[in-house]
Amino acid sequence: MGWGMGGAGALLTAHTLQLFLGFATALLALQKLRDIEGFATGFLGYDLLAQRWVPYARLYPWAEALVGLLMVAGAAIWLMAPVALFIGGIGAISVFKAVYVDRRELRCACVGAQSNVPLGFVSLTENLVMIGMAVWMVLRMV
């Protein structure tokens, strides 16, 4: 069994990566949904869209769960990709502004309300991975 990116016997394949990223995204969404009000409160502290339209803070975990589940299923890429690009893009811009421009020290709401994870590189990476997932899935369709 190899580690290559192709072949039926390969351990690390494009499909394995798709499943891993999809499950990881869905599990992160599940953490947020465990205490959606707590998540929304933390999210409002840094997300630029949520600060302008508060219902987005409660919609975000559902959108993230949708992205993860569709990624796992490999279905409805026409829906998954734009949602992932939208929430990942807004999230990346928001985190970048809060951490690297405004230099604010905030807790990340990325794994739910009870986390003690500082907002920063990990949060930015989560959003960039979501953007990458969307682009990759669209390219696979083409």
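What to note about this one:
- Taking the Cα centre of the range 23-129 as origin and assigning +1 to Lys and Arg Cβ atoms and -1 to Asp and Glu Cβ atoms, the resulting dipole is close to 120 debye.
- Helix axis angle, 121-141 relative to the chain longest principal axis, alpha carbon, degrees: 40 degrees
- Long-range HN-HN contacts of Arg107 with modeled amide H, under 5 Å: Leu119
- Efficiency of FRET from Cβ geometry, Arg103 and Phe23, R₀ 30 Å, rounded to 0.05: 0.30
- Per-residue HN-Hα couplings for the range 59-65 [Karplus 6.51, -1.76, 1.60; θ = phi - 60°; Hz; x = Gly/Pro]: 7, 3, x, 5, 5, 5, 4
- Approximating the spin labels as points 7 Å out from Cα along Cα→Cβ, the Ala63-to-Met141 distance works out to 1.8 nm.
- Over every Cα atom in the chain, the radius of gyration and the widest Cα-Cα span, Dmax, amount to 15.7, 51 Å.
- Ordered from largest to smallest accessible area (heavy atoms of protein chains, 1.4 Å probe), the residues Ile77, Ile131 come out as Ile131, Ile77.
- Atom-type composition of the exposed protein surface of the chain places 71 percent of the accessible area on carbon and sulfur (1.4 angstrom probe).
- Dividing the helix sum by the residues of the chain, where each DSSP H run of 4 or more adds -39500 (n - 2.57), gives a mean residue ellipticity at 222 nm of -22000 deg cm²/dmol.
- Taking amide H as placed 1.01 Å from N in the peptide plane, Asp35 has its amide H under 5 Å from the amide H of Ala113, each at least 5 places away in sequence or on another chain.
- In sequence order, the range 95-102 has phi-based couplings of 5, 4, 5, 5, 8, 9, 9, 7 Hz under the Karplus curve 6.51 cos²θ - 1.76 cosθ + 1.60, θ = phi - 60°, and Gly or Pro positions carry x.
- Between Gln31, Gln18, Gln51, the GNM of the chain built on Cα springs shorter than 10 angstrom shows Gln51 fluctuating the most.
- Separation of the Arg52 and Leu128 label points, Cα + 7 Å toward Cβ, nm: 2.4 nm
- The value of relative contact order for the chain, using C-alpha pairs under 8 Å at least six residues apart, is 25 percent.
The values are calculated or read from the model by the stated rules, or taken from the named source; none is laboratory data. Model, not experiment: these values are computed from the prediction. Note that we place each Cβ from the backbone using ideal geometry, even for glycine, and neighbour counts take in every protein chain shown. In case anyone asks, the SASA skips ligands and DNA or RNA and just uses the protein heavy atoms, side chains included. Shrake-Rupley method; radii C 1.70, N 1.55, O 1.52, S 1.80 Å.
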